[in-house]
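The values are calculated or read from the model by the stated rules, or taken from the named source; none is laboratory data. Treat the numbers as computed from the prediction; the structure is a model and nothing was measured. Here the Cβ positions follow ideal geometry from the backbone for every residue, glycine too, while neighbour counts run over all protein chains shown.
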Amino acid sequence: MNPIISSIINTTLGLIIGLVFSSLVGLVKKGHERESKETQDIDILQQSMCALMRQSMLKSCEDYLGRGWCSIEAKKTLNDLLDKYHKLGGNSFITGMVNQVNQLPNEKPTKKRKEVR
């Protein structure tokens, strides 16, 4: 083969391989940036969900502790929510309050009538 043609082919192939490689690196980098952005978005959503769950549990605990009793169904719901909260990465801040609610009676205490003598 003619040395000039061979040189042109080698140079062209080198340029094509370089362009393909550069394009692939660019695509991988963009994919990583997109993945990183999606990971950040998921983290923000998890943190937001934890904050909402914590606020809801805190309000419920304050209400139940204030009235002095909590139904079995409400305790189950509160404990299920606490479990999900921890699975999303929530801390144990609220756990103590939920434990206090779990110790409350399951029914509203009945008032004893004073006997009149």
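One table, with the values for the structure above:
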{"item": "In the range 81-108, the residues that are out of contact with any Leu (no Cβ under 7 Å at 6 or more places or on another chain), outside any loop (DSSP other than H, G, I, E, B) and free of Cβ contacts under 8 Å to residues at least 24 places away in the same chain", "result": "83, 86, 87, 96, 99"}
{"item": "Test for residue 62: is it exposed (fewer than 10 other Cβ atoms within 10 Å of the Cβ), modelled with pLDDT of 85 or more and assigned to a helix (DSSP H, G or I)", "result": "no"}
{"item": "Residue in the range 36-45 that is modelled with pLDDT of 80 or more and surrounded by 11 or more Cβ atoms within 10 Å (Cβ to Cβ) present", "result": "yes"}
